[in-house]
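Enquirer: Submitted below is the structure of interest, expressed as structure tokens.
The values are calculated or read from the model by the stated rules, or taken from the named source; none is laboratory data. All of these numbers come straight from a predicted model, not from anything done at the bench. Because the Cβ atoms are built from the backbone with ideal geometry, glycine has one as well, and the counts that use them run over all protein chains shown.
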Amino acid sequence: MRPAFSRLRSFMWFATVVAGLTVRTDLLGVTSIVRAVKLRPALYGKLLGSLHSDAVQLDRLTALWAQTVLRLFPDPLRVNGRPVLVGDGIKVARSGRKMPGVKLLHQQSDSNTKPEYIMGHSMQAASLLVRAANSVFAVPLAVRIHEGLVWTNRDRRTLLDKMISLLGIASVQEPFYFVADAFYAAGKIVKGLRENDNHLVTRVKTNAVACAPFVHEGARKRGRPRRYGEKVKLRSLLDDPQAMQYAPSPVYGEHNVTIHYRACDLLWPACGQLVRFVAVIHPGRGSCLLMCTDLNLDAIEIIRLYGLRFKIEYSFKQAVHRIGTFAYHFWMQDMKPLARRSSDQYMHRESLGYRNAVKRKIHAYHVFMQAGIVCQGLLQYLAAVFPSLVWNSFGSWLRTIRPGIPPSELVVANALRQCLPEFLVNSTGTHFFAKFIAERQDPETFEMFKLGT
């Protein structure tokens, strides 16, 4: 990832942030990174400034990380030779009145532990599914704040347009399947993916309507040929048990479960093309309607792929509670304080200097989140490729170690925390990164650091 940094020093500070995120024991922003690698307190400003620096080419860094993930992981999940990407949105609570992009957000969730409305940042993320022993990881590739700031009143892009742009930034060089929830079942997503020969696998709402292809009979008349035939309410596909097939559930982690399903190829007016709809009745989860733009993909495989969508939710959980990917605490001193329950901030009404300051702060948020993404991806890589080495270096105790399941991010982070002092002490003369850290450590805590305390 070095080519994404115009200066070597900026790259080394970014590597320091990744290392600090990996081994820290709390999620208290940049100060926790300083404590984790025992840096001198006076370097807090430089570490913070490196995240704001324009020497970091963020989009190129994201593309290089995506290429690194595809190269590092030996067994990415592939269907018909294509990798599988998953995408979703996440809303992170932020109460800072001087944090750009913070707005009032509505949380649509069935969980009663979440408040209906929060002040925070609304983001979208994309991840790559990879195999690890008997499990599957969603390795994060990119995340961006996609709401809260309006830079021009001519901008008509929606969250769907921005998700397509995010996939373009990730720059996966081969055609892929994109798995997402019902929010992304839209014509914009289908058309944006199909332009690059990618396919969508998603769920559609039960009130959706499709059309049967029109069959011409008799002599052709003047004018444009008719394409759409009789309308079909998709929920009607669930009403005919006789037309359904039976099969063992392909959903991840399920055994001895039989599902009923039915596949039907129909024209979807939202995108104007033929797509495959799959009606599924699950004995425990209820019924749902799935959709795929690849007519050659078997219905069972569509069900299996959509069943893996939850892996990005688990990845979010680890990013929030273990890595601290979204635990940035950067305020903009000269920002106009936000009112409670405020909406979008309109930047085209502000001065050029103010807009540039906001862009600099958003850039810092994104660089910090990208460091968290790299940190989480490396933890997953070590868990998938070197599980025995991780357990040997764990240095602690767990009540249950499941065979065939790779170690979690917490286990890998603890193993790295045990190994970091020895690495820095023994590699200072031979390893450039160890030398960079050693020269910036606090002398008062250096001896304690060597002892691993």
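Enquirer: With a cut-off of at least 3 residues that are within 26 Å of W65 (Cβ to Cβ), name the helices (runs of 4 or more DSSP H) lying wholly within the stretch 372-451.
Expert: Qualifying helices (runs of 4 or more DSSP H): 387-392, 409-426, 432-438.
Enquirer: If you don't mind, there's one more thing I want to ask. Go through the stretch 24-47 residue by residue and tally those that are under 14 Å from R322 (Cα atoms) and surrounded by fewer than 20 Cβ atoms within 10 Å (Cβ to Cβ).
Expert: Qualifying residue count, the stretch 24-47: 6.
Enquirer: Oh, and also: Being surrounded by fewer than 24 Cβ atoms within 10 Å (Cβ to Cβ), in contact with a Gly (Cβ under 9 Å, 6 or more places away or on another chain) and either more than 19 Å from F183 (Cα to Cα) or among the polar types (S, T, N, Q) (or both) is the filter here; which residues of the stretch 129-147 pass it?
Expert: Of everything in the stretch 129-147, those that are surrounded by fewer than 24 Cβ atoms within 10 Å (Cβ to Cβ), in contact with a Gly (Cβ under 9 Å, 6 or more places away or on another chain) and either more than 19 Å from F183 (Cα to Cα) or among the polar types (S, T, N, Q) (or both) turn out to be A133, N134, S135.
Enquirer: I need a count of the residues in the stretch 22-36 that are at pLDDT below 90 and in a helix (DSSP H, G or I).
Expert: Count: 1.
Enquirer: Turning to a different aspect of this structure: Which residue out of L167, L105, L159, L128 is of a type in the set (A, V, I, L, M), closer than 22 Å to Y184 by Cα and without any contact (Cβ under 8 Å) to a residue 60 or more places away in the chain?
Expert: Of L167, L105, L159, L128, the one residue that is of a type in the set (A, V, I, L, M), closer than 22 Å to Y184 by Cα and without any contact (Cβ under 8 Å) to a residue 60 or more places away in the chain is L105.
Enquirer: Continuing with this model, one more query. Restricted to the stretch 117-154, and to residues that are at pLDDT below 95 and among the basic types (K, R), which residue is farthest from S315 (Cα to Cα)?
Expert: Once the filter is applied, the top-ranked residue is R154.
Enquirer: Let me ask you something else. Check the stretch 313-332 and report whether any residue there is within 14 Å of the chain's Cα centre (by Cα), farther than 20 Å from M1 by Cβ, among the acidic types (D, E) and at pLDDT 90 or above.
Expert: yes
Enquirer: Taking V86, is it at pLDDT 95 or above, under 19 Å from the mean Cα position of the chain (by Cα), of a type in the set (A, V, I, L, M, F, W, C) and more than 30 Å from L193 (Cβ to Cβ)?
Expert: No: the conditions fail for V86.
Enquirer: Does F449 satisfy the condition of being modelled with pLDDT under 90, not assigned by TED's automatic domain parsing to the domain that holds T62 and not acidic (D, E)?
Expert: Spelling it out, F449 is indeed modelled with pLDDT under 90, not assigned by TED's automatic domain parsing to the domain that holds T62 and not acidic (D, E).
Enquirer: Considering only residues that are surrounded by fewer than 19 Cβ atoms within 10 Å (Cβ to Cβ) and in a loop (DSSP other than H, G, I, E, B), which ones fall in the stretch 336-371?
Expert: K336, P337, A339, R340, R341, S342, S343, D344, E350, S351 - these are the residues of the stretch 336-371 that are surrounded by fewer than 19 Cβ atoms within 10 Å (Cβ to Cβ) and in a loop (DSSP other than H, G, I, E, B).
Enquirer: When the stretch 294-332 is examined, which residues are found to be touching a residue at least 60 places away in the same chain (Cβ under 8 Å), of a type in the set (D, E) and more than 19 Å from A126 (Cα to Cα)?
Expert: Within the stretch 294-332, D294, E301 qualify.
Enquirer: Turning to a different aspect of this structure: Sort out for me the strands (runs of 3 or more DSSP E) sitting completely within the stretch 169-231 that have 3 or more residues that are among the hydrophobic types (A, V, I, L, M, F, W, C).
Expert: 199-204, 209-213
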